[in-house]
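One structure is given below, encoded as structure tokens.
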Amino acid sequence: MIKRIKKAVFPVAGLGTRFLPATKAVPKEMLTIVDRPVIQLAVDEAREAGCEHFVFVTGRNKSVIEDHFDKQYELESTLRRRGKSEELALLEQDLPGAGQTSFTRQQEPLGLGHAVWCARELVGNEPFALLLPDMLIHARPGCLKQMMEVYEMTGGNVIAVEEVPREEVHRYGVVNVGERNGKAFRIDGMVEKPKREDAPSNLIISGRYILQPEIFAEIAEQGPGSGGEIQITDAMIGLMQKQSFWGLKFAGTTYDCGHKLGFLAANVAYGLEREDLGAGFKSALKRIIASHGGLD
């Protein structure tokens with residue numbers, strides 16, 4: 001019987017140096033896409049997919065993330081007193097229930113694999129979802145929900161993938177495509193940040209995973225890999241010798257919010273689709289673009 005995915009892990013220990021000075025005191029995961037923090041959008045995706053327990057792997061100066069997912073009595077009291085019922089309802093609907101959030105610390109920046117390993121005691125011996133908040137995936141239904149459909153059909157491990165130009169494969173983990181099963185395909189191999197000529201395909205790992213708990217033992221055996229860090233891809237390659245891995249080329253658009261251009265593009269995309277902001281924002285964008293010489 002395939003075990004249901006109840007827990008989602010969010011590695012949020014990164015320093016966010018690409019966004020300095022904004023991230024000197026504010027975690028990059030708390031930067032907003034219009035009016036919702038990046039980390040909130042990742043949690044929204046996990047909740048939509050049926051996850052019930054949210055595990056955050058944090059670092060120093062990340063306590064504001066914990067505060068964000070806690071009650072704010074003074075703020076709520078003020079909103080109540082001022083009759084701000086819509087704003088109060090918005091806060092309440094985003095708040096996880098008691099006991100649904102857990103936080104653990106990654107003391108050193110030793111890589112994504114190490115960050116995931118830090119969550120092992122909170123995850124326990126059950127499969128879990130892993131979401132990288134920087135990789136914001138705009139999709140309906142959400143990317144993780146699409147992956148859950150594949151998981152319920154195949155079991156094992158499931159990874160979201162997308163196409164990139166061949167000249168960009170050296171920046172990502174890349175998969176090898178095997179037999180197909182409906183929307184999914186069996187992953188026959190992976191390589192972390194390959195040279196263009198060595199890449200098995202142009203399908204990259206997109207920051208969404210469903211993993212079996214045996215991944216923790218594989219991570220524990222890993223030494224430093226690409227970039228001198230403990231890579232989750234290396235651990236998955238090890239686990240692939242014992243368990244099946246499936247890839248899903250999901251329907252949706254990825255915005256890499258770990259980079260400024262991706263972050264700006266995400267704000268434009270999400271802003272334009274807002275019923276309360278879209279029309280006015282579109283007009284403002286047209287004026288701004290025109291004042292800069294229009295589109296080439």
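Using the Cα gyration tensor of segment 154-296, with a ≥ b ≥ c the square roots of its eigenvalues, what is the shape: rounded (a/c below 1.5), prolate (a/b larger than b/c) or oblate (neither)? Could the numbers behind the result be given before it?
Values: a/c = 2.42, a/b = 2.10, b/c = 1.16.
Prolate shape, in that a/c is at least 1.5 and a/b is the bigger ratio.
Once the piece of chain linking GLN241 and ALA98 is laid out straight, how much longer is it, given 0.36 nm per residue of separation minus the C-alpha distance between them?
On the way: separation 143, 0.36 × 143 = 51.48 nm, distance 3.89 nm.
Full extension from GLN241 to ALA98 adds 47.6 nm.
Mind giving me the FRET efficiency for GLU48 and LEU90? R0 is 25 Å, r the Cβ-Cβ distance, nearest 0.05 is fine.
Between GLU48 and LEU90 the formula returns 0.90.
Counting only DSSP beta bridges with both residues in the chain, the antiparallel share comes to about 60 percent.
Is segment 28-109 best put as rounded, prolate or oblate by its Cα gyration tensor, with a ≥ b ≥ c the root eigenvalues, rounded for a/c under 1.5, and otherwise prolate when a/b is larger than b/c, oblate when not? Prolate, because a/c is 1.5 or more and a/b exceeds b/c. Residue separation of LEU285 and ALA220 scaled by 0.36 nm, minus their Cα-Cα distance, works out to 18.5 nm of gained length. Computed with a 1.4 Å probe over protein heavy atoms only, the accessible surface of segment 148-296 comes to 52 Å² per residue. Annotation for GLU74 and GLN107: the two label points, set 7 Å from Cα along the Cα-Cβ direction, are 3.3 nm apart.
Charges on Cβ only, +1 for Lys and Arg, -1 for Asp and Glu, centred on the Cα centroid of the chain; of ILE159, ALA22, ILE204, which one is farthest towards the dipole's positive end? Sorting the options by dipole projection puts first ALA22. For segment 1-101, the Cβ-based charge dipole about the Cα centre amounts to some 320 debye (Lys, Arg positive; Asp, Glu negative; other atoms uncharged).
Rounded to the nearest 10 degrees, the angle from helix 260-272 to the longest Cα principal axis of the chain is 60 degrees. In a fully extended conformation the segment linking THR253 and GLU197 would gain 17.5 nm over its present Cα-Cα distance, using 0.36 nm per residue. Of the residues LYS62, LYS249, LYS282, the one that moves most in a GNM of the chain with alpha-carbon contacts below 10 Å is LYS282. Over all other residues within a Cβ to Cβ distance under 10 Å of GLU126, the charged ones net out to +4, with Lys and Arg as +1 and Asp and Glu as -1. Beta bridges assigned by DSSP with both partners in segment 140-295 are antiparallel in approximately 75 percent of cases. Recomputing Cα extents along the principal axes in Å from the coordinates shown identifies the correct label among (1) 52, 45, 36; (2) 72, 39, 33; (3) 59, 52, 38 as (3).
Over the chain, what is the relative contact order in percent, taking alpha-carbon pairs closer than 8 angstrom and at least six residues apart?
Normalised by residue count, the contact order of the chain is 21 percent.
Label point of ALA139 set 7 angstrom out along Cα-Cβ; within segment 184-216, amide nitrogens under 15 Å from it belong to 184-185, 203-211. Could you state the angle between the C-alpha long axis of helix 278-291 and the longest principal axis of the C-alpha atoms of the chain, as a value from 0 to 90 degrees rounded to the nearest 10? For 278-291 against the chain, the angle is about 90 degrees. Using r as the Cβ-Cβ distance of HIS170 and ALA269, and R0 as 22 Å, what FRET efficiency do you calculate, to the nearest 0.05? It comes out at approximately 0.25. Against the chain, whose longest principal axis is taken from its Cα atoms, helix 38-48 shows a tilt of about 70°.
Can you show me the helix-derived [θ] at 222 nm for the chain, built from DSSP H runs with n ≥ 4 at -39,500 (n - 2.57) apiece and divided by the number of residues, rounded to the nearest 500. Before the final figure, lay out the partial values.
Working: 11 runs with 99 residues, N = 296.
Result for the chain, helices only: -9500 deg cm²/dmol.
The values are calculated or read from the model by the stated rules, or taken from the named source; none is laboratory data. What you see is a predicted model; the values in this text were computed from it and never measured. Positions of Cβ are backbone-derived with ideal geometry, glycine not excepted, and every protein chain shown enters the neighbour counts. Ligands, DNA and RNA are excluded from the accessible area calculation, which covers all protein heavy atoms including side chains. Shrake-Rupley method; radii C 1.70, N 1.55, O 1.52, S 1.80 Å.
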